[in-house]
Structures are given as C-alpha cells and as structure tokens.
Amino acid sequence: MSDTGLPFSGNVTPAEADSLRAAIAIPAHVVQAKGHGHGGTAMALAPLAHVLYQRILRHNPGNPDWLGRDRLVLSAGHASLLLYVQLFLTGYGLELDELAKSRTLDSRTPGHPELGHTPGVEMSTGPLGQGVASAVGMALAARRERALFAPDSEIPNPTIWAIAGDGCMQEGVSGEASSLAGTLGLDNLVVIWDDNNVTIDSTGEAAFSEDVRARYAAYGWRVLEINDASDLDQIEAVLTEAQSRDGRPTFVAVRSVIGAPSAEFSGKPAAHSGGFGDDEVAAIKTSLGFAADAPLNDLVTDDALGFSRDALARGQALEEEWNGAVACWKAAHPDAASAWHAFRNPDAAAALSALDAIEVPAAGTPSATRKLNSVAIKALQNVSSLWGGSADLAGSTGVEVPGSAVTASNPGGEFIRFGIREHAMAAILNGVAIQGPWRPFASTYLVFSDYMRPSIRLAALMQLPAIYVFTHDSVAVGEDGPTHQPVEQVASLRTVPGLDVVRAADAAEVVSVWKRLIAQPAGPTALVFSRQDVPVLAARDDLDAKVAHGGYVAWQSGEGLDLALIATGSEVAPAVEAAEALAADGVAARVISMPSVEWFAASDADYRESVLPSAITARVAVEAGRGDGWYRWVGLGGEVVSVEEFGESGSGAEVMARRGITLDAVLDAARRTLGR
C-alpha cells in the first residue's frame, strides 16, 4: 500500500490514480457479476499494464493496425481482462458494456483474446506458452524486415512484448522458442514474466521449483527484475531499460501477488479464477475509494477516462512523427524504399512466372515429390515473400536454399535454422505470419507433425498463411521403422478445421499446388511429400486448374462410369496401374487424383459431380495411411485400401506390401465393390 492507502505507489496525478483504481476494480466486479472468469492476474498486473499502455508502448489506439506500432502479446491469455481493460481505457473502440459482456456469445471480449475479433489484440492466445513462442517469430520477422530494407534506420523497428505467467514458463514450447531467441540475439523482444508463484492447483513450488531467471540467463537473455508490481516508478524504469537494445532479448521478472488488493484471496490459488464473493468485492471497492455497492459505470470517473484517453492523441502524434520519418527515409533511399514497397505489396506475377519456368521430368520418370518441391522453393526464393527453414532436416526434406542462415550477426539471412524444436518452430511460424507479409514455411518429417499440432491448430484458428512442408509421408519410409513411419498423421491433420492438407501425386502436381498457394494465400497448408520415387504421370490438360480444385480425373477408360478409383499422393500411380488392368477386362474405370480433400470439398457441386458422378456407385479409395475419412467419398458400400496398423522395420517396398498397399489389394477391392 502507498501512503494514500491505494494499492500502488509512484508519482501520479489524481486523474491517473483514478484510471488505475478503475483498472484494478473492473476485473473484480466483472468476474463476480458473471460468476466465472479470471480476475486475479488482471488485478495484480493492472499497474504494469497501465505503465505499458500509458508510458512505454509505441501504439495508436485510433489505428490499431499502424505499421510502426510495438506489439503486445498476452501469452497468459486467461487474464484477458487485463488487456481488455487497457483497450477500453486507452480508446481502442471497446466500451464498458463490452467488458461486462466478456466471455459471452458474440461479445468482442471473448474468454481468451482472439486475433481479428477485438481491436488491439495481436494474436489468439490461451494455450500457455504459445504467445511467448509466437512473439519470438514476430521479433524474428520484424528484425529481418529491417535488416533487408532499412538496416541503418528505425523504420520499421518495433519492440515485441509478451506477458507470460508461470504456466507459460512451464510449457515446453516457450523454453524451445526462448532458447532459439537467445541464440539469435533477438534484442527487439521483451518477455515479462508474472512471478506470482501460484497455479490453479497449488502454490508454485509444489511443481515448479527451478530458477527461471537463471534459465533465461543461460539462454543468453538479459534478465531484469521488478521487485514490486505495484510500484509504478520502478515498473517504468525497468521497462524503459528493457526496450533498449543490447544484442540480447530481455526477460523481465515481476514479483506480483495474484488477487491483490483482496485481503482474503491475495496470493492464493483461489484467486486464479472465479468470483471472490460479494462481500470481498465490496471490500476491494472500498479499499480503492469506491462505494461498496458501486455499479460498473461508477468505477470509471470522467477524470479517469479523460486521462487514459490521452493515449489517442499521443498515438496520433507518434504515428504522424513516424510517417514523417518514413517519408524522409524514402526520399533519401529511393531504391530501398521501392524494394520495401514491393515487399509490403506482393505481386504474385513474378512468383507464378518462376513456377512456370520449372522443367517437370518427362512422363514415367521416377522422382520423389519432395525433390520437385525443393526445386519450387528455390525458384520462389527471390521472387516471393516465402521464407522459412527446417527442424535440422533441410537437406533431407529438400528445403535447402542458397545463402546463409539467420544469426545474431546476420539478421537478414535467407533461411532459419530452427534446431530440433518442432513445437517452437510451428509456433514461431505463427508469429512470422502475423508480423507479415512473409509467407513462412517450416519443414520436418510428417511423423513429427505431432510435435507441431497445438501450434498448427492455432494457425488454423487464426487463418494464418503458414506452410508446413512434411516429407517421408508413409510407411514407405522403410528402414527407420515404425517410430518414423507415419500412419495416422495425414488423417489426423485433415480433422483440423481450416487446415488444407495436400499430397501431390507427382512432380507436375507439385508445381500446380504451389501455383494455387501463391495465387490464393489464405490459411495454413500442410504439404505432404514422398521420400520414395514415384513416376511422373502422363501429361494432363489444364492441370493447374484441376489441381486448384483439389481433385480431377487423372486417367480413365471409356466414359469411366463403372468404377471410381480415388487416390492421393504416391498411391495415384498404382491406382492408374490397377485401372489399366481392369480396362483390359472391360471395366470402364476412372482414376481421380485428389491432392487435397479440403480443396475438392470446397469446389462447387457441379465440378465435384463432373469428377465423381453420383451415378458411379462402385468406388475405391487408396491411401497409405488411416482410411476412415475416405468413406465420405466412397460410401459405406465402397472399399478403402489403407494402412490401419503401425509399420515395421524393413525396406519401404516390403513394409508397403506387408501393410497391404499393393496392386493386388487395389484390384481385389475394386472387384469386390463391382460385385455388390
């Protein structure tokens, strides 16, 4: 407590004190009124959030998308009221009634922050640690942009901030990403750790006794300390130092008391979630100088709002100053300015031309689809915003590009070495995509997509244009055995709403797939490529358009109305072989290559009917993975040739045969369904 009896100290005017009193009282009131939510952290960190939004952040509430702004990611997303209160007070367009409606259907204040839903929210957070890891990606992307276009300028040069809690520190994804951030010297990144020593079930030492400060120092971060989360002057001094650059990312440990200033709940796990009770909320209001029964509107005085909304004028002045500096820089550096403008306003024409220039091997030539994908990535390197790397597998997955890696001393490097950190790699990709306009990609073996799944889900939720390059796509991986042979991964990825999963049948389809990605850069895409060689299919007319629809007739005999063989990826070629054998027996079969179920399902009904006519009742799907999802297309009377068990250690051909992906298996399935 300060000398005034208020739960914060420092040199403040009465109006500023009113703004802070409101920021502390609102979460207690709202959570109690609703009976659910997370008020404890929002109350305890209100002084810190106040200092950030009023004294530290470069932001303009009147233009939340201002390019020159700093970004603040609330990694501890359950404390959404901490963020929403500041967005309301500083003038981002939220009003008090939206705070009252938090966590209700269709409100602009959902239970966890959501990108694109609330002005001023920089990413969707909630799964702990993700915000920290994605902030690393934002800092990485922002630093590269500056290095490439304006290395000696402050344009663009934002500071990326993240607020994290104990849960974020315990989740492994934050540690993976923070380790890489230290290695790369991301000094435009500041992570603020709310060190309150409380989790939902217990106080922290019950499951979390490590020295987090020492861990971050070992990562190569500068570690700063705020000993009192209620001391405004100390907060401002430390955060001012944190945003200075010294070649290292900065970790700020903040000692706070969750639930403060509640006498009953301060420092206890019960402060994490749920209301404090009418009597305790009344006591909190009284301690802040409000009436015990003050309604929500009475918690925000005219003086409080007048003070806090000064952020609008400051933000406008900051943006105008920045715009002036940009104009001067452009005049002094016209070539760099032109290049920066082109980067910020990408034109697909050059990238599509580069893809057109790729020479696809002749029909019948054996070629792994990962190899042509490698050619495509190299072709796109200097004519698109494509940028990324791999989890220590660039040579094997084929994503090597000319140039040098991003390092602390080479922030403009051509590719990223993520190290063996698949989970962080995917989360960092989200941050790169949010910072934009990079089209980021990350690569590993398909079986390790499981490590990336939580971050892929968030990318789909936010509809980020991230690209995942997965190779070694089936049990045909062979000798590395079942731990490295994907079986369920493709089917599992297809269950993620908003994620497109693509398995190209051959080299020609790979090029067409990339053309669709360039022309329609929306949402995340998982590209799944073979390790083993597959033959290039016979030439197909209008292949780009057909692949863009997700499915097309790749081969047929006659009208192809007796039987439909639906296949994807490396299984298309054996499906064609089976159709040819059946044609010799008088069966008019068609082979449908379906590189993307999602793209095909999104095509109009007439197109789908032209490819897979409802009149064809004899249907077989072929894929070297779990087959459950294919019954949507073949019906319960159809057949699915698939892999339903884990693989074994042996050559790829042997394992495929052992698990039933053979010509004979396809022919047998076809004959059974034809006989029904």
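Rg to Rh for segment 486-626: what is it, with Cα atoms only and Rh by Kirkwood?
0.95
222 nm [θ] for the chain, helices only, -39500 (n - 2.57) per DSSP H run of 4+, per residue, to 500?
-12500 deg cm²/dmol
DSSP loop (so not H, G, I, E, B), at most 13 other Cβ within 10 Å: list which trypsin sites (Lys or Arg not before Pro) in segment 78-165 pass both filters. Provide the component values of the computation, followed by the final result.
Values: sites: Lys101, Arg103, Arg108, Arg143, Arg144, Arg146; in loops: Lys101, Arg103, Arg108.
Nothing satisfies the criteria.
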Handout entry: Given charges at Cβ of Lys, Arg, Asp, Glu: the chain dipole, positive-most of Val31, Ser443, Val510
Key = Val510
Completion exercise
Among chymotrypsin sites (Phe, Trp or Tyr not before Pro) in segment 1-68, those in a DSSP loop whose Cβ has at most 10 other Cβ atoms within 10 Å are none
Exercise for the section: Using a 1.4 angstrom probe on the protein heavy atoms only, line up Asp303, Asp506 by accessible area, largest first. Expected result: Asp303, Asp506
Completion exercise
Karplus ³J(HN,Hα) for segment 339-354 (6.51 cos²θ - 1.76 cosθ + 1.60, θ = phi - 60°; Hz, whole; x = Gly/Pro) runs 5, 5, 4, 5, 5, 6, 10, x, 10, 6, 4, 5, 5, 5, 5, 5
Completion exercise
If amide H atoms are modeled at 1.01 Å from N in the peptide plane, then the residues at a separation of 5 or more from Ile592, or on another chain, having amide H under 5 Å from its own are Ala554, Leu565, Ile566, Ala567
Completion exercise
Whole-Hz Karplus couplings 3J(HN,Hα) for segment 640-648, θ = phi - 60° and coefficients 6.51, -1.76, 1.60, Gly and Pro as x, run 10, 9, 8, 10, 10, 10, 5, x, 9
Problem - lysines with Cα under 20 Å of Lys546, excluding same-chain neighbours fewer than 8 positions away - result: Lys515
Practice task
With only Lys, Arg, Asp and Glu charged, each at its Cβ (+1 for the first two, -1 for the last two), find how big the charge dipole of the chain is about the Cα centre; round to the nearest 20 debye.
Solution key: 840 debye
Fill in the blank from the handout: Rounded to the nearest 10, the angle in degrees between the Cα long axis of helix 232-242 and the longest principal axis of the Cα atoms of the chain comes to 40 degrees
Fill in the blank from the handout: Quotient of Cα radius of gyration and Kirkwood radius for segment 150-268, i.e. Rg/Rh, equals 1.01
Fill in the blank from the handout: Once Ser390, Ser649 are ranked on solvent-accessible area with the largest value leading and a 1.4 Å probe, the list reads Ser649, Ser390
Handout entry: Per-residue SASA entry for Thr286, accessible area with 1.4 Å probe, Å² rounded to 10
Key = 80 Å²
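Subtracting the Cα-Cα distance from 0.36 nm times the residue separation, let me have the gained length for Leu312 to Thr365 in nm, one decimal.
Working it through step by step, the gained length comes to 12.8 nm.
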Problem - Residue-wise HN-Hα coupling along segment 215-225, computed from phi with Karplus coefficients 6.51, -1.76, 1.60 (Hz; x: Gly, Pro) - result: 4, 5, 4, 5, 5, x, 8, 7, 10, 10, 9
Exercise for the section: Normalising by the residue count of the chain, find the relative contact order in percent from Cα pairs under 8 Å and 6+ residues apart. Expected result: 12 percent
Problem - Accessible area expressed per residue, segment 244-315, with surrounding protein chains retained (probe 1.4 Å, Å²) - result: 44 Å²
Exercise for the section: With a 1.4 Å probe and all protein chains in place, put Lys34, Lys378 in order of accessible area, largest first. Expected result: Lys378, Lys34
Practice task
Would you work out if segment 1-124 is rounded, prolate or oblate? Take a ≥ b ≥ c from the square roots of the eigenvalues of the alpha-carbon gyration tensor; rounded if a/c is under 1.5, else prolate when a/b is larger than b/c, oblate otherwise.
Solution key: oblate
Handout entry: Cα gyration tensor shape for segment 626-673, rounded if a/c is under 1.5, else prolate or oblate
Key = oblate
Problem - Formal net charge of residues neighbouring Ala337 (Cβ-Cβ distance under 11 Å; K, R +1; D, E -1) - result: +1
Practice task
Using only protein heavy atoms and a 1.4 Å probe, report how much of Tyr219 is accessible, in Å² to the nearest 10.
Solution key: 50 Å²
Practice task
Determine the equivalent ellipsoid of segment 354-446 by diagonalising the alpha-carbon gyration tensor, then write out the semi-axes as square roots of 5 times the eigenvalues, largest first, rounded to whole Å.
Solution key: 25, 16, 12
Exercise for the section: Over every pair of different alpha-carbon atoms in segment 90-130, take the mean of 1/r and invert it; report that Kirkwood radius in Å. Expected result: 10.8 Å
Handout entry: On Cα atoms only, tilt of 663-674 relative to the major axis of the chain in degrees
Key = 90 degrees
Handout entry: Formal net charge of residues neighbouring Gln435 (Cβ-Cβ distance under 14 Å; K, R +1; D, E -1)
Key = +3
Handout entry: Summed residue charge, Cβ within 12 Å of Gly650's Cβ, Lys/Arg positive, Asp/Glu negative
Key = -2
Problem - Pairs of alpha carbons in segment 383-540 whose separation is greater than 24 Å (percent) - result: 30 percent
Exercise for the section: Place +1 on the Cβ of every Lys and Arg and -1 on the Cβ of every Asp and Glu in the chain, take the dipole about the Cα centre, and give the residue among Ile56, Leu527, Ser492 whose Cα lies farthest towards its positive end. Expected result: Leu527
Exercise for the section: Express in Å², to the nearest 10, the accessible area of Arg457 obtained by rolling a 1.4 Å probe over the protein heavy atoms while all chains stay in place. Expected result: 150 Å²
Practice task
Specify the inter-centroid distance of segment 532-606 and segment 369-408, based on alpha-carbon positions, in whole Å.
Solution key: 30 Å
Completion exercise
Between Asn297 and Lys101, the FRET efficiency computed from the C-beta separation at R0 = 22 Å comes out, to the nearest 0.05, as 0.95
Practice task
Give the distance, in whole Å, between the Cα centre of segment 38-62 and the Cα centre of segment 483-498.
Solution key: 40 Å
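If R0 is 25 Å, what FRET efficiency do you get for Ala408 and Glu320 from their C-beta distance, rounded to 0.05?
Numbers: r = 34 Å, r/R0 = 1.35.
Calculated transfer efficiency: 0.15.
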Handout entry: Those lysines that a straight Cα-Cα span of less than 30 Å connects to Lys285, excepting residues fewer than 8 apart in one chain
Key = Lys34, Lys101, Lys268
Exercise for the section: On a 0 to 90° scale, report how tilted helix 422-435 is relative to the longest principal axis of the chain, with both axes built from alpha carbons and the result rounded to the nearest 10. Expected result: 70 degrees
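The values are calculated or read from the model by the stated rules, or taken from the named source; none is laboratory data. From a predicted model like this one, the values you see are computed outputs, not experimental measurements. All Cβ positions, glycine included, derive from the backbone under ideal geometry; neighbour counts span all protein chains shown. Surface areas here come from the heavy atoms of the whole protein model, side chains and all, with no ligands, DNA or RNA. Shrake-Rupley method; radii C 1.70, N 1.55, O 1.52, S 1.80 Å.
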